[in-house]
1. In what order do LYS55, LYS375 fall by count of nearby beta-carbon atoms within 10 Å, going from fewest to most?
2. Quick check: residue separation of TYR236 and ILE372 times 0.36 nm, minus the Cα distance between them. What number comes out in nm?
3. Only four residue types carry charge here, +1 at the Cβ of Lys and Arg and -1 at the Cβ of Asp and Glu. Report the dipole size of the stretch 1-91 about the Cα centre in Debye, rounded to the nearest 20.
4. Could you work out how far apart the two model spin labels at PHE98 and ASP189 are, taking each label as a point 7 Å from the Cα in the direction of the beta carbon, and quote it in nm?
5. Full-extension gain between LYS138 and SER15, please, as 0.36 nm times their residue separation minus the C-alpha to C-alpha distance.
6. Listing SER336, SER151, SER326 from the residue with the fewest other Cβ atoms within 10 Å to the one with the most, what is the order?
7. Could you tell me the relative contact order of the stretch 80-132? Use alpha-carbon pairs under 8 Å, at least six residues apart, and round to a whole percent.
8. May I ask you to sort LYS276, LYS270, LYS183 by Cβ crowding, counting other Cβ atoms within 10 Å and putting the fewest first?
Amino acid sequence: MVEMQVEHGLHLLYSKAWRAKDHAEASVFGPPEESFKLLPAYCHRLEDVNPGTIKALKTNVTNQFEYMFIAHAASLYGFRTVILPVIAIDGTHLKGKFSGIMFVAICLDANNQVFPLACGFGDVEDEMSWTWFLNELKNAIGSPEDCMIISDRHLGIKVAMEKVYPNVPHGYCVFHMAQNIKKDYKRKDVILLFKQAWKAYQKSEFKETILEMMKVNKVAFKELMNVGPERWSRAYSPVRRYRLMTSSIVESMNSCLDRNKDGLVNLYEKTCSCAKFEVDKLPCRHALAVIRYAKKPLPDYCGDCYKTTSLVEAYAGTIFPVGHPSYWNIPEDVRSKVVLLPLFCTQAGRPRKKRFKTIGEHGNGKTRNYTICKKSGHNRQNCRNPQPCQAPPPCLTVSSATSATSKRPRRPYRCRKCGDEGHNS
């Protein structure tokens with residue numbers, strides 16, 4: 001509205017500007033109601049131009065849209081070859097006219113970059129929708145060995161994992177667990193001990209840290225042990241979690257040679273007493289010192305998944321666009337399928353454009369201090385501290401201050417004829 005008024009001199013009402021925006025979006029993308037009718041043809045065309053792509057579309061008995069699943073062939077090829085077998089799943093709310101939920105499954109490549117594996121769409125995020133999505137994911141990738149699926153502690157995901165992947169380890173996201181601990185206990189020492197516990201590679205280091213937490217806060221200790229260390233700790237993980245839980249473990253070689261040289265390294269078996277060498281498939285600082293001393297080539301002691309050839313192979317596949325619908329060659333059996341709008345109920349109030357933030361996502365706002373009482377967290381209007389008495393300025397004495405506020409005395413009458421005071425004419 002402001003741009004139209006500044007650039008073109010047109011004053012638009014809010015309702016007219018909103019209708020113009022909807023009309024422009026419909027002319028470019030088409031009406032959203034018609035997009036659902038194209039879903040069967042789109043899925044057929046997607047598999048036609050990208051052989052090996054796994055797709056699934058589900059409607060109810062009245063042909064109304066319920067779920068959709070897509071796993072591109074290029075993503076499946078990269079996962080089956082060199083991508084680290086650790087999958088993170090989550091759901092996010094859509095902001096379109098018909099809202100809904102988008103389910104995503106992602107991995108990390110050896111360069112610590114996000115690798116999309118599969119996505120899905122549904123109406124709500126519950127046990128039924130997650131069970132359907134995980135079933136389709138299992139049909140696409142199967143049950144790989146040494147695979148682990150990580151998520152938050154959503155109840156629907158937990159129940160769906162027990163149904164679909166009972167033999168695959170289910171790990172929890174340590175970021176969400178840390179935010180819950182921060183919200184429940186509000187103690188920095190407990191959060192620091194939790195971070196030290198899940199970052200530990202050795203079981204002895206984990207036990208030492210968790211026992212220290214028991215001394216600091218027994219309630220937090222019992223809660224973490226009830227969840228199960230195998231779900232959130234690196235030391236007790238049944239399979240490798242690689243570097244998925246850490247933000248950065250890159251260390252310089254010079255610092256490795258100057259400290260912590262007490263690790264017992266076996267270059268032939270690629271192991272170290274700190275357990276980091278065998279878990280991450282990357283030389284730890286102890287192994288780096290030994291490799292440099294022995295003058296061995298460093299790439300020989302890194303896992304194949306970290307090599308450039310593996311990274312290139314992971315992204316070797318191509319996802320081809322389906323093209324404009326007018327060029328689609330759709331069989332009659334696919335064209336006859338009907339997909340109607342999903343069951344949709346408009347919620348009251350203005351639609352939200354931003355989701356609710358968790359405890360850890362709020363910014364660290366600056367605390368303002370009240371200059372009179374020198375306390376923080378309030379201002380003059382809601383200050384409950386006794387206010388100090390303020391003395392008058394030094395330039396004013398008591399008599400001058402009193403005379404300044406008193407009423408000016410009335411001047412006596414003066415005669416206009418004789419000029420004397422005390423009488424008038």
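Quick note: the coordinates plus some simple rules give every number you see, no bench work behind them. Note that the structure is a prediction, hence the values are computed from the model and not measured. FYI the Cβ positions are ideal-geometry reconstructions off the backbone, even for glycines, and counts take in every protein chain you see.
1. Least to most surrounded, the residues fall as LYS375, LYS55.
2. On the way: separation 136, 0.36 × 136 = 48.96 nm, distance 5.51 nm.
Length difference between fully extended and current span is 43.4 nm.
3. Values: 8 positive and 10 negative charges, 42 e Å.
Charge dipole of the stretch 1-91: 200 debye, to the nearest 20.
4. Here the modelled spin labels are 5.5 nm apart.
5. On the way: separation 123, 0.36 × 123 = 44.28 nm, distance 4.70 nm.
That works out to 39.6 nm of additional length.
6. The order, fewest Cβ neighbours first, is SER326, SER336, SER151.
7. Working: 79 pairs, mean separation 15.7, N = 53.
With pairs under 8 Å counted, the relative contact order is 30 percent.
8. Values: LYS276 21, LYS270 17, LYS183 11.
Placing the least packed residue first, the sequence is LYS183, LYS270, LYS276.
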